[in-house]
1. Tell me, in nm to one decimal, what length is gained between LYS27 and ASN123 on full extension, where the rule is 0.36 nm per residue of separation less the Cα-Cα distance?
2. Fully extended, how many nm does the chain gain between SER242 and ILE190 (0.36 nm per residue separation, minus their Cα-Cα distance)?
3. Taking 0.36 nm per residue of sequence separation and subtracting the Cα-Cα distance, how much length would be gained by fully extending the chain between THR55 and ALA233, in nm to one decimal?
4. For the stretch 105-114, in order, what is each residue's ³J(HN,Hα) by Karplus, 6.51 cos²θ - 1.76 cosθ + 1.60 with θ = phi - 60°, in whole Hz (x at glycine and Pro)?
5. Residue by residue through the stretch 37-47, which ³J(HN,Hα) values in whole Hz follow from phi under the Karplus form 6.51 cos²θ - 1.76 cosθ + 1.60 (θ = phi - 60°), with glycine and proline marked x?
6. If you plug each phi of the stretch 179-189 into the Karplus form 6.51 cos²θ - 1.76 cosθ + 1.60 with θ = phi - 60°, what whole-Hz ³J(HN,Hα) values come out, in order, with x for Gly and Pro?
7. State the percent of C-alpha pairs, over all pairs in the stretch 20-77, separated by a distance greater than 13 angstrom.
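What follows is calculated from the coordinates using simple rules that are stated; it is not laboratory data. Model, not experiment: these values are computed from the prediction.
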Amino acid sequence: MTNEKELLPSAVASALKLPGVKIDRRKFLAETFSKTQGEELSKIIDYGPQTVFDTAYLTATAKHIVRRDTEKSTVASFLTGLPSNPAVMAGSSAVDIAQYFAFALRMAQEISYIFGKQDLFDNNGDLSENGERDIILYLGVMLGVSAASSAIIYATRELGKTAGKKVASKALTKTLWYPILKKIAAAINITVTKQTVSKTITKVVPVVGGVLSGGLTFITFKPMGNRLIRSFAKALNSDEASVSEARDVILEAV
């Protein structure tokens with residue numbers, strides 16, 4: 001999709017290159033829904049968990065993943081928040097920011113797969129065209145960009161109807177997606193700046209810095225994950241009126 005590579009913030013692009021960031025969709029779903037066997041498990045892996053479970057069950061499962069990921073990211077943030085030597089502050093802050101987005105990207109992938117989204121990566125392990133768009137949208141929702149949630153509803157319901165029909169023209173791409181993705185990318189860059197400042201400050205005092213850094217991560221990660229969960233749940237349950245409302249929000253944002 002035109003322009004998305006230009007819009008993907010450098011912090012996010014860097015985080016995507018870190019080991020362990022990319023989630024193996026099939027493996028993740030098989031492990032997450034391991035109590036399901038036979039045809040149902042095959043259906044989950046091929047077409048998504050939403051074909052077997054209702055929204056309430058998917059929401060509960062996703063919230064469990066968010067709690068688990070939040071705990072892991074908090075521990076990692078605590079450890080990277082320990083340095084107090086000014087000579088290593090800037091470098092360790094950069095590592096912490098990349099790590100922050102790495103955990104956010106992992107969590108976004110896991111939530112999206114629970115709610116039935118297909119693999120964001122192609123057979124070569126690179127982001128697909130839709131994957132690049134979706135990653136930005138997911139992070140936008142997690143960071144509280146209002147139009148991003150509406151964009152997910154529209155992408156899930158309305159564009160899903162035209163998938164494979166090549167109805168989404170270049171004109172649609174330029175007039176609809178580019179302005180929204182640009183707005184979200186700007187919000188992500190603002191987050192990078194805020195995180196860099198806060199992470200550097202928290203490294204000034206040993207141990208206390210680690211507690212503050214881990215605390216900031218804990219406070220932010222859970223709400224971020226829950227925002228994305230609510231967005232996907234709303235998309236699954238949306239009707240024509242909801243899709244129309246989402247389209248209006250997108251057009252207003254544009």
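1. On the way: separation 96, 0.36 × 96 = 34.56 nm, distance 1.49 nm.
Residue separation times 0.36 nm, minus the Cα-Cα distance, leaves 33.1 nm.
2. Full extension from SER242 to ILE190 adds 15.7 nm.
3. On the way: separation 178, 0.36 × 178 = 64.08 nm, distance 0.62 nm.
Net length gain for the segment: 63.5 nm.
4. Values, residue by residue: 5, 4, 5, 4, 4, 4, 5, 5, 5, 4 Hz.
5. Calculated HN-Hα couplings, in order: 10, x, 5, 5, 5, 4, 5, 4, 5, 7, 10 Hz.
6. Per-residue couplings from phi come out as x, 5, 5, 5, 5, 5, 4, 5, 5, 5, 5 Hz.
7. Details: 1096 of 1653 pairs.
So the portion of pairs separated by more than 13 Å is 66 percent.
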